[in-house]
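These notes are about the structure you will find just below.
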Amino acid sequence: MTASLDDASRAAHGELALRVAPMPADVNINGDVFGGWILARIDLAAGLAAMRRARGRVATVAVNSVQFKQPVSVGDVVSLYTQVLRTGRTSITVAVEVFAERGHDAPVTVKVTEAQLTLVAIDDHGRKRLLPEFAAQAGDDC
């Protein structure tokens, strides 16, 4: 039985944040996509989820965990799903699941990477700022 990206979205937790295909320039000497290429897309996907939650700029402060489960190859269609796990007063922790659809004749979708990142809401000067609900509460105290 084959799995499609629609099946992956049902299996994944969160929402589709990004879908991309690696190119030949993205591979290492073994012919697999660089882990750094995948990490860059994970950071981008987590940033998009955190920006929506923070309603503004965010910056990654930690990659809490990352696990590469299977290699990614040129020709794979890579989909990244995000879920906000928790928030603090300024921080947002986001889980990212990465799936690859491979084999055009009989497509199979596999989970290739999972990660967890912490981002912080920042103002226009790059300083930490409160998330909207805390900023509203702070405003009520003034």
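Between Ala106 and Val77, how many nm apart are label points set 7 Å from Cα along the C-beta direction?
Calculated label separation equals 1.9 nm.
Treating the Cα atoms of region 17-68 as identical point scatterers in vacuum, please give the log10 of the normalised Debye intensity I(q)/I(0) at q = 0.21 Å⁻¹, two decimals.
Calculated log10 I(q)/I(0) at the listed q: -0.84.
Could I get the Rg over Rh figure for the chain? Both from C-alpha atoms, Rh via Kirkwood, rounded to two places.
Ratio of gyration radius to Kirkwood radius: 1.07.
Pull up all non-local amide H partners of Val27: gap of 5 or more, or a different chain, and H-to-H distance under 5 Å with H placed in the peptide plane.
Under 5 Å from the amide H of Val27: Phe34.
Cα convex hull of region 71-124: mean projected area in nm², to one decimal?
5.0 nm²
Rule-based calculations on the coordinates, nothing more; no lab input. Note that the structure is a prediction, hence the values are computed from the model and not measured. Don't worry about glycine lacking a Cβ; one is built from the backbone with ideal geometry, like all the others, and counts go over all protein chains shown.
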